[in-house]
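As structure tokens, the structure follows; a few thoughts come after it.
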Amino acid sequence: ADAFTSREDVNEFVSEMLSKKAWTMAGLFILGANTGFRCGDMLAFKVSDFDLINKPESINIIEQKTGKVRVVYLNNAVYKAIEMIINKKNLRDDDYLFTSDSPRKSYFLDYKRNEDGEIVDIITTNERYDSYGNERKIAPVTVDSVARAFKKHTKNAGITGHYSSHCARKTFSYFISSHEYKSVKNITAASMALNHSSESITEKYYTKGVDPKELKDVWLNLNLAAECL
């Protein structure tokens with residue numbers, strides 16, 4: 001997957017989705033591009049997972065893939081995107097956040113996981129009620145449907161490249177790593193110039209680490225696509 005490398009392209013992409021009332025896809029992309037969440041992880045989110053009253057600037061999560069605790073900062077663009085989806089779709093606290101914008105609904109059965117237990121997709125059904133007569137929750141979108149939507153909307157926006165369900169996470173990585181930090185040199189560029197066998201050597205002996213406060217400030221001010229909302 002490619003990353004978006006300019007705010008102009010990000011805004012064009014998100015604006016195109018919003019113009020087509022693709023609220024879920026626009027919101028999912030904004031959340032991923034401002035946090036680096038994996039698509040599979042985002043599909044599990046419910047409205048109640050976000051405190052929209054106090055709006056904390058960070059949350060701690062345990063990553064499914066690594067099992068490590070990760071601090072995630074939630075900037076204004078994230079909260080605006082979540083509130084937009086909730087208001088446009090009239091969602092309740094126990095609803096999945098990223099459900100299909102199509103009138104045709106599918107219902108949640110289970111998560112599809114890989115051998116490491118990481119969510120990679122959603123298993124759905126067209127049956128609204130289970131065998132006991134209990135109503136199922138409307139299912140989140142699938143990873144495949146996200147990939148198809150991103151491909152369609154980038155084409156409609158006239159943006160060339162390969163934009164899959166992973167492009168939001170890659171976009172976050174690009175913008176965070178390309179910021180001109182005062183406390184650190186560009187590790188990749190330095191490693192190339194020094195002809196090191198790996199960036200870890202350059203990082204260990206030749207560059208300073210990023211100040212956590214500086215990273216926090218950059219992250220909270222990232223706000224990709226905030227002006228589209």
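Determine which member of the set Ile86, Ile59, Ile82 is in contact with a Phe, Trp or Tyr (Cβ under 8 Å, 6 or more places away or on another chain) and not charged (D, E, K, R).
Only one candidate qualifies: Ile82.
Filtered by the rule that a residue be closer than 18 Å to Ile30 by Cβ and either open to solvent by less than 30 Å² (accessible area, probe 1.4 Å) or aromatic (Phe, Trp, Tyr) (or both), segment 92-114 gives Tyr96, Leu97, Phe98, Thr99.
Residues in segment 40-77 that are on the phi > 0 side of the Ramachandran plot and either touching a helix residue (DSSP H, G or I) at 6+ places or on another chain (Cβ under 6 Å) or not in a loop (DSSP other than H, G, I, E, B) (or both): Lys55 alone. Within segment 65-84, can you find the residues that are open to solvent by less than 60 Å² (accessible area, probe 1.4 Å) and in contact with a strand residue (DSSP E or B) (Cβ under 7 Å, 6 or more places away or on another chain)? Arg70, Val72, Tyr73, Leu74 - these are the residues of segment 65-84 that are open to solvent by less than 60 Å² (accessible area, probe 1.4 Å) and in contact with a strand residue (DSSP E or B) (Cβ under 7 Å, 6 or more places away or on another chain).
Listed here are the residues, each with its yes/no results for (1) among the polar types (S, T, N, Q); (2) open to solvent by 50 Å² or more (accessible area, probe 1.4 Å); (3) touching a residue at least 12 places away in the same chain (Cβ under 8 Å).
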{"site": "Asp116", "(1), (2), (3)": "no, yes, yes"}
{"site": "Ile119", "(1), (2), (3)": "no, no, yes"}
{"site": "Ile122", "(1), (2), (3)": "no, no, yes"}
{"site": "Ser145", "(1), (2), (3)": "yes, no, yes"}
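On inspection, Asn90 does not qualify as more than 24 Å from Arg136 (Cβ to Cβ) and over 18 Å from the mean Cα position of the chain (by Cα). For segment 3-38, a residue qualifies if it is of a type outside the set (Phe, Trp, Tyr), at pLDDT below 95 and under 15 Å from Val146 (Cβ atoms), and exactly one does: Arg38.
The values are calculated or read from the model by the stated rules, or taken from the named source; none is laboratory data. All values derive from a computational prediction rather than experimental measurement. Here Cβ is always computed from backbone atoms with ideal geometry, including for glycine, and neighbour counts include all displayed protein chains. Heavy atoms of the whole protein, side chains included, go into the accessibility calculation; ligands, DNA and RNA do not. Shrake-Rupley method; radii C 1.70, N 1.55, O 1.52, S 1.80 Å.
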